[in-house]
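Structure, as structure tokens:
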Amino acid sequence: MFDSLGINSTKNLLSRIAKPAAVAALAVAALALSPVAAGASPAQQAAPSAAITAADINPAAGTFTTTDAVPASVLTAFSSADGTPAGAVAWYRAHLGSTAYQGYCEKAAENAYGTTGIWASANAHWNGASPKHTSGTPPLGSFVYWNISAYGHVGIADGSGGIYASSIGGKIGHASSVHYFNNYRGWTPAARPRH
């Protein structure tokens, strides 16, 4: 039999009240544990910082540009993203000035070799790849790494001491030194990314 509220049992009444109350309590607890900064969206508050900031850049280490650094004669026999070191550089050259890979440096590095989804982040790539080198000039197409942002940063060596990467001047570009970004980790040999 229904009561005056149209509810036929105490159990139904409790479930109609308890569920919204539990959701509200969880929302309040989440705000208490993670206060929202003024002007920041909840999405910005929830994610660790993956952005490369001005503090991560060392412009005194060299110049940067969104123009070519490797002579076309080095790359003519290769196709962009064909799995070769020259093909990886050709991919970056074809994407110079693109902002599509901001925050997705690992994806750019993998796409340059014709793959995707191998490593979750630049840090994971550095930790899983070998052999690691912390000195010397990285050869053409080698992966170069920095310990910056929440997920690290990776790019591709130009073979002359410079790099192609995302986040150079806010887009895919070229820097004349591996020390363009702070906290240089080193490099691993040019190869199609795989676990």
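On a C-alpha basis, how far is the centre of region 84-117 from the centre of region 122-195 in Å? Whole number, if you could? A separation of 12 Å, based on Cα centres.
Using packing as a proxy for protection, rank 125-138, 102-115, 153-166 so that the peptide with the highest average count of other Cβ atoms within 10 Å comes first. Write down the numbers at each step before the final one.
Details: 125-138: 14.6, 102-115: 21.5, 153-166: 25.2.
Packing order, densest peptide first, comes out as 153-166, 102-115, 125-138.
On a full-extension model of 0.36 nm per residue, what is the gain between S160 and A120, subtracting their alpha-carbon distance, rounded to one decimal in nm?
Here the segment from S160 to A120 would lengthen by 11.6 nm.
For region 91-195, rounded, prolate or oblate, judged on the Cα gyration tensor with a ≥ b ≥ c (square roots of eigenvalues), a/c < 1.5 rounded, else prolate if a/b > b/c? Rounded.
Other residues with beta-carbon under 14 Å from the beta-carbon of W126 carry, at +1 per Lys or Arg and -1 per Asp or Glu, a net charge of 0. Each residue, S135 and N147, gets one label point 7 Å from its Cα in the Cβ direction; the gap between the two is 1.8 nm.
Each reported figure results from applying straightforward, stated rules to the coordinates on display, with no laboratory input. What you see is a predicted model; the values in this text were computed from it and never measured. No Cβ is skipped: glycine too gets one built from the backbone with ideal geometry, and neighbour counts run over all protein chains shown.
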